[in-house]
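Heads up, the thing below is written out as structure tokens.
The values are calculated or read from the model by the stated rules, or taken from the named source; none is laboratory data. Just so it is clear, the structure is predicted and the values come from calculations on it, not from any experiment. In this analysis, Cβ positions are derived from the backbone assuming ideal geometry, glycine residues included, and neighbour counts consider all displayed protein chains.
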Amino acid sequence: MTNSSVESPSKPKDMEQIVSLCKRRGFLFQSSEIYGGLQGFWDYGPLGVELKRNVKEAWWQDMVRGHDDVNTLPGAPSPYAMEGLDCTIIMHPQVWKCSGHYDLFHDFMVDCRESKKRYRHDQLNGRWVEAKDKKIFVTAPAGDDEQAHFEKQALKFFNLRSKHADSLSWDGDSTCLTEIDGFDQVLGPDAKTLGTLTEPREFNLMFKTVVGALSGEEGTSFLRPETAQGIFVNFKNVLDSTRHRLPLGIAQIGKSFRNEITPRNFTFRSREFEQMEIEFFCHPNDSQAWYQFWRDRRMRWYQDLGISSDNLILREHDKDELSHYSIGTADIEYAFPFMAEGEFGELEGIAHRGDFDLRSHMEGKLDEKSCPLEVQLGDDGKPKWKGSGKDLNYRDDLTNEKYTPHVIEPSAGVDRSTLAFLCEAYNEDEAPDDKGKMQTRTVMRLHPRIAPIKAAVFPLVKKDGMPELAKRVYLDLKKSFHVFYDEKGAVGRRYRRQDEAGTPYCITVDGQSLDDNTVTLRDRDTLEQIRVKIEECESVIREKMNG
Ligand code: GAP
């Protein structure tokens, strides 16, 4: 047994290197790349699709299929049931009116008349700067290297060289554009002249489509912006068909679509993405306890799959941040490498939605507290949007109590989780090459459960019966796992390629294998090589995946 691993130096991760590895090794490609790409749309390559599938399968197994519904889980108020659903992407348009998305699911945007670019109003920051007796407000997209952008813009505007940057007089700190009234003195991030930004305008984020041959409003429907509503409108169907008592969680994984104004940061903010959502229906009196339970449970899930607790936070929303439906929300956030130092990006929201959704789908009116009356009521003073009129209340068979359940919603993004797992896994350390010389290697330390390839099988050399035996080992393991066979090039090079793909094990068939039916099993992280019997390979890999 050898152990030649070297601790990876903890240096900040470089997003450009991660993006480049994702393309080079086939995790992620830009959609429609040969036509120049389409902003906000991404394709998963051969390694990416396996990784993403494994993330979804881990979630489904841990939250739904493998859920223990007979015992009380630690921290839970009682046992509970879990079921799954798979609903359509296009639903009755009334769903989106009653959910509030039709009226309230918008961002404010500003357009630049000069550069023709569009920005989210709340994502532009700016700073006052004075030179040559003139004071202007220079802007940059939040999160970028703002000050460098401000300075570049200001120097260009005042026609100064960078060596004269000292003559710029800055006033105040970086401020969001939402704090500024009137844009006459504002220089857009990509503009050369002042006052080219339009006043902020509402922009609904739902993609419209036309159903059937009907034209105009009649045929207009929407691609779902969340999977949640499919669960709410099927609540009674699931309850009646399964005969569960509450509490009951209903889970769904599927595509959602949002016409984001400024998609960015790789897959973090996309226009087409996948969600893994649970709507958890419970008695109103227990809802706070369940909210706590789900916050803690979901936080642990990411940690169990390898995200370091140093890079994760659970952040409770301030009152003014809450969505129109929410009584309380906490976000699980990850320290993505593209965030500024000390900042985190949302992976999942756990929301206490009260009875908002079920009541809206019954009565067709929105909650007065969370939605302005003028939005809810028509000119005649009556609720503008009709609900289904169906009784979506719950009657407890044992107690005979009838109530509108409260809902706790853990809502996770598949693509954001996958991106977080990729960022967390990316590491550079040192490992010996074929001649035993230490070399820098890139290694994706993905948890074995989500690693795209579980093991790679190599013959040490391409002769003496080694390829034949290696192929037999490979085909045997393939019945249980996604495994990879490689006989090309030096074995050290083959190890490196698997390290980059995140493969936890490499199995090498050598001369000894032909005599005693053993192989070497090399561990990606520790670089340990142990000899195991061929028939034990499967159980060793399985143990590692479950461990
Ligand atoms: N049903 C509640 C809901 O949809 P959300 O916070 O808007 O809540 C839940 O979305 C999760 O979906 C987010 O935490 C994020 O992981 C993912 N998500 C939302 N918008 C996204 C986007 N434009 N691109 C990628 N993932 C997104």
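Would you say ILE350 is within 30 Å of PHE29 (Cβ to Cβ), β-branched (Val, Ile, Thr) and in contact (Cβ under 8 Å) with a residue 40 or more places away in the chain? No.
Just for region 270-302: of the residues that are in a strand (DSSP E or B) and within 14 Å of VAL407 (Cβ to Cβ), which one is farthest from the ligand (Cβ to nearest atom)? Checked region 270-302; the qualifying residue farthest from the ligand (Cβ to nearest atom) is CYS282.
So which residues in region 253-265 are within 30 Å of TRP290 (Cα to Cα) and near the ligand (Cβ under 10 Å from one of its atoms), if there are any at all? Residues satisfying the conditions are SER256, PHE257, ARG258. Scanning region 142-152 turns up at least one residue that is acidic (Asp, Glu), at pLDDT 90 or above and not assigned by TED's automatic domain parsing to the domain that holds ILE261.
Considered as a group, the residues in region 240-260 that are crowded, with 21+ Cβ neighbours inside 10 Å and of a type in the set (A, V, I, L, M) include one that is nearest to the chain's Cα centre (by Cα), and that residue is ILE253.
Within the set THR198, THR242, the sole residue that is outside the structural domain of GLU272 (by TED's automatic domain parsing), touching a strand residue (DSSP E or B) at 6+ places or on another chain (Cβ under 7 Å) and more than 12 Å from the ligand (Cβ to nearest atom) turns out to be THR198. For residues that are assigned to a helix (DSSP H, G or I) and within 16 Å of the ligand (Cβ to nearest atom), scanning just region 225-239, find the one that is farthest from SER270 (Cα to Cα). The qualifying residue farthest from SER270 (Cα to Cα) is PHE235.
Pairs linking a residue in region 185-204 that is within 15 Å of ALA140 (Cα to Cα) to a residue that is in a loop (DSSP other than H, G, I, E, B) and small (Gly, Ala, Ser), with Cβ atoms under 6 Å and 6 or more positions apart or on different chains, are ASP190/SER115; ALA191/SER115; THR196/GLY188; LEU197/GLY188.
Between GLU226, GLU217, GLU277, which is closer than 20 Å to ALA420 by Cα and charged (D, E, K, R)? Don't jump to the end; show me each part of the working.
Values: GLU226 fails: closer than 20 Å to ALA420 by Cα; GLU217 fails: closer than 20 Å to ALA420 by Cα.
After applying the criteria, what remains is GLU277.
When region 311-358 is limited to residues that are more than 15 Å from the chain's Cα centre (by Cα), in a strand (DSSP E or B) and of a type in the set (D, E, K, R), the one that is farthest from the ligand (Cβ to nearest atom) turns out to be GLU316.
Of the residues screened, THR399 is one that is part of a loop (DSSP other than H, G, I, E, B), surrounded by fewer than 21 Cβ atoms within 10 Å (Cβ to Cβ) and hydroxyl-bearing (Ser, Thr, Tyr). Considering region 409-459, the residues that are within 16 Å of the ligand (Cβ to nearest atom) and charged (D, E, K, R) include one that is farthest from VAL473 (Cα to Cα), namely GLU409.
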